[in-house]
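There's a structure below that I have some questions on.
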Amino acid sequence: MTHDIQNFSIPRQHRARLIEELGEESALKRFQTLERLTYAYARKWNLRIRQVADSENVSLCIFCTDQGGREVVLKLPIDRVTGTQEHLALETWKQGGAAPRPLQFDPVSGVILMERLYPGLQARAETPQAAANSLNDLAARLYGSAPDASLPDLPHLADTVRRRLQAARTRLATPENWYSAFFKPADVRREEQQLQDLLDLAQERAEYQLARPQRTTLLHGDLRPRNLLSAQKSTFRWMAIDPCPCLGDPHADLGLAVATQSDHPISALLEELSTDPRWDAAVLADWTLVWAVAAYNPAETSLAAVQRAFLTSHEAA
């Protein structure tokens, strides 16, 4: 085993994300463990370490080459359960080519070795129609290969929804540490009330959708733009990375992708997607609203403006 990095260091975004997730003391211990694990698995699977990837993900990815010179990604999950769930999803999707193919897996630690996608750029589309076509193509590969039955050791969509809406309510409860800096002092109370009303509406829509009869299948669980890449091996079709797998209605996955992109007006993208007979326009709009509210953050100015335009139309209605 050899490596091309002189000093192993945790990149800035990943370091900040782990401190946020674990607290400073636990994060510092995790940083030490990550270096040890990286070199241990490089030896175990005969890898040459190239670069530590930076991302906001709580799991760490290291770009490597294997003995044959193939470009691969070594992924060190935050814990064994997270790695096991991701590996299960990748195995399910590998026939449809919707995500990177897993190459090695250690069930004791949850560490995964997978193929690297090229060019690995964030997937973009010039028009709402092109974006809808790419999302529909990806959906066919994600949900076409996934069984419509219960899979072991995976949470339900309801757990993910409740956790993210609760996180949004927690942010709202501490505006001085979150969004007050983005508004005039006189507007903060009004913004707080509007967001509270939208959170109540999102909770209502989510509970309604979760209670109705629906198709239940394997979901990506975090199908947002940062987890969508363009891959040359599939003629630049969109590919999904970094899943948080759960079981539920595919409308929820697609709604998250729509609600967290800033390239196109949300209503225009929903209109294009709704021409596909697989999607119920009202269900898709509900899930898009839920995620737009849960993910709203005025610090992300471009995305917040797109979300605000969509949410304002619902407030008016």
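Anything in the range 97-144 that is of a type in the set (Gly, Ala, Ser) and under 22 Å from Cys61 (Cβ atoms)? List them, or say none. Give the derivation first.
The first filter runs over the range 97-144 and keeps only residues of a type in the set (Gly, Ala, Ser), leaving 97-99, 109-110, 120, 123, 125, 130-132, 134, 139-140, 144.
Within the range 97-144, Gly97, Ala98, Ala99, Ser109, Gly110, Gly120, Ala123 qualify.
Now for a separate question. Could you check the range 164-178 and list, in sequence order, the residues that are surrounded by 13 or more Cβ atoms within 10 Å (Cβ to Cβ) and modelled with pLDDT under 65?
Answer for the range 164-178, where residues must be surrounded by 13 or more Cβ atoms within 10 Å (Cβ to Cβ) and modelled with pLDDT under 65: Pro175, Trp178.
To keep it simple, each residue is scored yes or no on (1) surrounded by fewer than 23 Cβ atoms within 10 Å (Cβ to Cβ); (2) small (Gly, Ala, Ser); (3) in contact with a helix residue (DSSP H, G or I) (Cβ under 9 Å, 6 or more places away or on another chain).
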| residue | (1), (2), (3) |
| --- | --- |
| Pro245 | no, no, yes |
| Leu254 | no, no, yes |
| Ala259 | no, yes, yes |
| Ser262 | yes, yes, yes |
| Glu272 | yes, no, yes |
| Thr275 | yes, no, yes |
| Thr288 | no, no, yes |
| Asn297 | yes, no, yes |
| Leu303 | yes, no, yes |
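Residue under question is Ala98, and the condition is that it be touching a helix residue (DSSP H, G or I) at 6+ places or on another chain (Cβ under 6 Å) and closer than 14 Å to Ala231 by Cα; does it hold?
yes
Here is a further query. Go through (1) exposed (fewer than 14 other Cβ atoms within 10 Å of the Cβ); (2) within 19 Å of the chain's Cα centre (by Cα); (3) not assigned by TED's automatic domain parsing to the domain that holds Glu21 one by one and return the number of the condition Ala132 breaks.
(1)
Related question: Which of the residues spanning the range 147-163 are closer than 24 Å to Tyr208 by Cβ, at pLDDT below 95 and among the small types (Gly, Ala, Ser)?
The answer is Ser150, and nothing else.
Also, I was wondering about something else. Take the conditions under 30 Å from Glu20 (Cα atoms), crowded, with 20+ Cβ neighbours inside 10 Å and touching a Phe, Trp or Tyr at 6+ places or on another chain (Cβ under 8 Å) and apply them to Leu90. Does it pass?
Judged against the criteria, Leu90 is not a match.
Quick check on Ala211: is it assigned by TED's automatic domain parsing to the domain that holds Ala299, among the hydrophobic types (A, V, I, L, M, F, W, C) and at pLDDT 90 or above?
It is true that Ala211 is assigned by TED's automatic domain parsing to the domain that holds Ala299, among the hydrophobic types (A, V, I, L, M, F, W, C) and at pLDDT 90 or above.
Ok, one more. Quick check on this structure: which one of Gln67, Gln85 is part of a loop (DSSP other than H, G, I, E, B), out of contact with any His (no Cβ under 8 Å at 6 or more places or on another chain) and either in the same structural domain as Arg43 (by TED's automatic domain parsing) or over 15 Å from Pro245 (Cβ atoms) (or both)?
Criteria check complete, one pass: Gln67.
Here is a follow-up. Name the one entry in Ala282, Ala268, Ala292, Ala252 that is over 19 Å from the mean Cα position of the chain (by Cα), over 18 Å from Gln129 (Cβ atoms) and modelled with pLDDT of 95 or more.
Details: Ala268 fails: over 18 Å from Gln129 (Cβ atoms); Ala292 fails: over 19 Å from the mean Cα position of the chain (by Cα); Ala252 fails: over 19 Å from the mean Cα position of the chain (by Cα).
That would be Ala282, the only listed residue that is over 19 Å from the mean Cα position of the chain (by Cα), over 18 Å from Gln129 (Cβ atoms) and modelled with pLDDT of 95 or more.
In addition: Tell me which residues, restricted to the range 125-146, are outside any helix (DSSP H, G or I) and either more than 14 Å from Ala89 (Cβ to Cβ) or at pLDDT 95 or above (or both).
Ala125, Glu126, Thr127, listed by residue number.
(1) modelled with pLDDT of 90 or more; (2) surrounded by fewer than 22 Cβ atoms within 10 Å (Cβ to Cβ): which one isn't true of Gln122, the others all being true?
The number of the failed condition is (1).
The values are calculated or read from the model by the stated rules, or taken from the named source; none is laboratory data. The structure presented is a predicted model; accordingly, all values stated were derived computationally and were not measured. Don't worry about glycine lacking a Cβ; one is built from the backbone with ideal geometry, like all the others, and counts go over all protein chains shown.
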